[in-house]
Amino acid sequence: MLNLSYMRPAVVALAAALLAAPAAQAGPDVEAVKKSVKAVTRLDVVKVERSKILGLYEVQTAGQVFYTDAKGEYILLGAHVFATKDNSNYSQQRMNELAGYKFADLPLKDAIKVVRGDGKRVIVTFEDPNCGFCKQLNKTLDEMGNTTHYVFMVAMLGPESVAKANAIWCSADPAKSWMDWMTGGKAVPAPAQDCATPVERNGKLGQKYRVMGTPAIFFPNGDREQGAVPAAVLEQHFAKQAK
């Protein structure tokens, strides 16, 4: 998955254009907005409402949040809106609010726990064992060290992912089997016997929290990231947790 937060300059430019549009002062033409979003994204609009950003309207679909002008002539698509006062990702915050995400509510018993170094920095991810970007993220975390990493295994890439995730969970040491596969490329061991796994539950949990791809990254303060973000971005999030 792409981490689209790095498109900020384009977002700022387009937002400025929308704010300058006279039509932005009117109420939204809901039907026009629905038609425009459907044409571009093929997604059905669930709700259209005025956003906190003057002149922009928030468009909610089942799994995404977009922003548009009152007539649906422009759509902020594939980009995030940031709050200038603290550089926070406003789009992601709204996604979190709509999903009802609270770190304390995560059922960590259904996650693999991987401790690196002293484990003082906490991170939670939703990952598919066949996801290449997930493997890249795990290697980055290995290089950074000092994390407690909770992995909710999901199977978004087909039946092979289901079998692999179940085998990892049912192995003698799930954390070792996970890391051996994700960072070492070692074959997933066949479990001694079948066991009950949380993979299906994790998939439903991911849907609840609007996880649209892997890796999806969660932090204790409610921040989220998407994709194999670089170490520098992870360090920024960890620094926020330490304050």
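Nothing in this text is a laboratory measurement; each read-out follows from the coordinates by a stated rule. Computed from a prediction, not measured in an experiment: that's the story for all the values here. With ideal geometry, Cβ positions are generated from the backbone for all residues, glycine too; neighbour counts draw on all protein chains shown.
Brief remarks follow.
- Working note: 222 nm ellipticity from helices only, DSSP H runs with n ≥ 4, each -39,500 (n - 2.57), summed and divided by the residues of the chain, gives -12000 deg cm²/dmol to the nearest 500.
- Segment ALA172-VAL115, extension gain: residue separation times 0.36 nm, minus the distance between their alpha carbons: 18.8 nm
- Note on MET144/ALA99: beta-carbon distance plugged into 1/(1 + (r/R0)^6) with R0 of 30 Å gives a FRET efficiency of 0.65.
- Förster-model FRET efficiency, 45 Å R0, ALA232 and GLU200, C-beta, rounded to 0.05: 0.80
- Counting charges near THR183 (Lys, Arg +1; Asp, Glu -1) among other residues having Cβ under 14 Å from its Cβ returns a value of +1.
- Phi angles across the stretch 39-55 convert, under the Karplus curve 6.51 cos²θ - 1.76 cosθ + 1.60 with θ = phi - 60°, into 3J(HN,Hα) values of 5, 8, 10, 6, 9, 7, 7, 8, 7, 10, 8, 5, 8, 6, 9, 3, x Hz, Gly and Pro given as x.
- Taking the average, over residues, of other Cβ atoms within 10 Å as the packing measure, peptides 213-221, 108-116 rank 213-221, 108-116 from highest down.
- The label-point distance for LYS35 and GLU73, in a model that sets each label 7 Å from Cα toward Cβ, rounds to 1.5 nm.
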